[in-house]
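Everything below concerns the one structure shown next.
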Amino acid sequence: MIGVRQRFTPLQRLLHWLMAVCILAMLFIGVGMVSTVMPKYLTLVSIHKPLGMTILVLALIRLAVRLRYGAPSLPADLPEPMKLAAQLSHYALYILMIGMPLLGWGMLSAAAYPVVLFGGVYLPAILPQSDSLHTLLWNAHFYFAFVFFALVLLHVAAALFHALVRRDGVFEAMASVSTHDEVALAE
Amino acid sequence: MLRSAPWAKSAPWTRSYAEERFNSLNSFVFTDSSGAEHTVRWSLLPAAQPVPISQEDLAKRGPDFLEQEITERVRGGPQRWTMVVSVANPGDPTADPSKAWPEDRRAIEVGTLTVKQIEPEPDGPCRDINFDPTVLPSGMRTSDDPFPAARSAAYAKSYDLRTAEAKDYPRTVTDAKP
């Protein structure tokens, strides 16, 4: 008998919502900090870097947890194109959650900027100083941020579609606050 | 520019960077060995005796004579500046770099800058670095002066644009065969 989870595990739900807050904050902090020369610029930058590394660590933990526990299967009556879109958009979200902090870290390394975390901890450079690498990574970090934003909007739209239109339990699989795992036994 | 023009005409000019005093203008917060914080402005005072030069003599020199002069001078021996920090009293305008503090503020010698070598920019280690005034060692941080933050934001933008055009500023390849 194989237990088929109808919901994500409590750990997965916790990671999802914690990261949702971090990533939304991150997107707006990123847009804000490149739009100002006021003293808040320094505050925003000093949050952006450590928060990015926090997201990287959380994303790696989340990936490991996902590989270990998997995900509830999508409703059988969900049209194939939507299943495909769901799968691909989640691959893209994982790639961006892990890739964006790495692009940022690499970009700072290529410019020989210090990467300071909360508490004055310095991260080592992961790339040698290089003008061309810096430009490449900076552009990638900048444009992928908009891709990330678009994906988040798509993700929210899809979640609401499942919750309000289809009412098929997909939304509840992640949105439920219940801490005990409900396991339906497979026939 | 227009407002500084009368000052520029009357200010003493020197014939060398080595005879020049450099001032931070911006204030920073330094922490002393007991952990107490002080808002300071720093200055680099030249060890070399300043020799004033007249506007007429200045006009006769080449547009990059200061750069050539410092290169030659340093080749002849290291040049030194003493780093002095002036400590603000409560109520001094620490947030406004355009306002001088009274002359009697406590001044502390904190170190010596020694220049032993001048390297031309295209091949030097400084060309690809962003000199961000908010990247500070431990014991120093930004103050209520809003300009270092503005400089940091603007210099970062400038650095991004500059590094994107680095191919138009090639290094001088000295050992390449034509």
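Observations on the model:
- Dipole size of region B:7-112 about its Cα centre, with +1 on Lys/Arg Cβ and -1 on Asp/Glu Cβ: approximately 160 debye, rounded to the nearest 20.
- Angle between chain B longest axis and helix B:147-164 axis [Cα atoms, degrees, rounded to 10]: 20 degrees
- For residue B:31 and residue A:64, the FRET efficiency from 1/(1 + (r/R0)^6), where r spans their Cβ atoms and R0 equals 56 Å, is about 0.85.
- Built amide H within the under 5 Å cut-off of residue B:95, gap 5+: none
- Förster radius 56 Å - calculated FRET efficiency between residue A:167 and residue B:165 (Cβ-Cβ, nearest 0.05): 0.55
- Loop-located GluC sites (Glu not before Pro) in region B:36-96, at most 16 other Cβ atoms within 10 Å (DSSP): none
- Segment residue B:57-residue B:103, length gained on full extension (0.36 nm per residue, minus Cα span): 13.4 nm
- Karplus 3J(HN,Hα) series, Hz, for region B:42-56 with 6.51 cos²θ - 1.76 cosθ + 1.60 (x for Gly, Pro): 9, 9, 10, 9, x, 6, 6, 5, x, 10, x, 10, 7, 4, 5
- Ranked by how many other Cβ atoms sit within 10 Å of their own Cβ, fewest first, the residues A:100, A:82 fall in the order A:82, A:100.
- Taking the C-alpha atoms only, the angle from helix A:80-110 to the longest principal axis of chain A is near 20 degrees.
- On the beta carbon distance between residue A:18 and residue A:84, with R0 = 25 Å, the FRET formula returns roughly 0.35.
- Gaussian network model of chain A, Cα within-10 Å springs - most flexible of A:106, A:30, A:119: A:119
- Rounded to the nearest 20 debye, dipole of chain B from Cβ charges on Lys, Arg, Asp, Glu: 200 debye
- Charged-residue dipole, Cβ positions (Lys, Arg, Asp, Glu), chain A about Cα centre, Debye nearest 20: 280 debye
- Seen against the Cα atoms of chain B and their longest principal axis, helix B:65-76 is set at about 90 degrees.
- Toward the positive end of the charge dipole of chain A, with +1 on the Cβ of Lys and Arg and -1 on the Cβ of Asp and Glu, the farthest Cα among A:70, A:25, A:178 is that of A:25.
- Per residue, the average separation of C-alpha pairs within less than 8 Å and at least 6 apart gives region A:3-185 a relative contact order of 32 percent.
- Per residue of B:147-153, other chain Cβ atoms within 10 Å of the residue Cβ number 5 on average.
- Counting charges near residue A:133 (Lys, Arg +1; Asp, Glu -1) among other residues having Cβ under 14 Å from its Cβ returns a value of -2.
- The label-point distance for residue A:40 and residue B:47, in a model that sets each label 7 Å from Cα toward Cβ, rounds to 4.7 nm.
Coordinate-derived values only; no laboratory data. Since the structure is predicted, the reported quantities are computational estimates derived from the model, not experimental observations. So basically every Cβ, Gly included, is an ideal-geometry build from the backbone, and we count neighbours across all protein chains shown.
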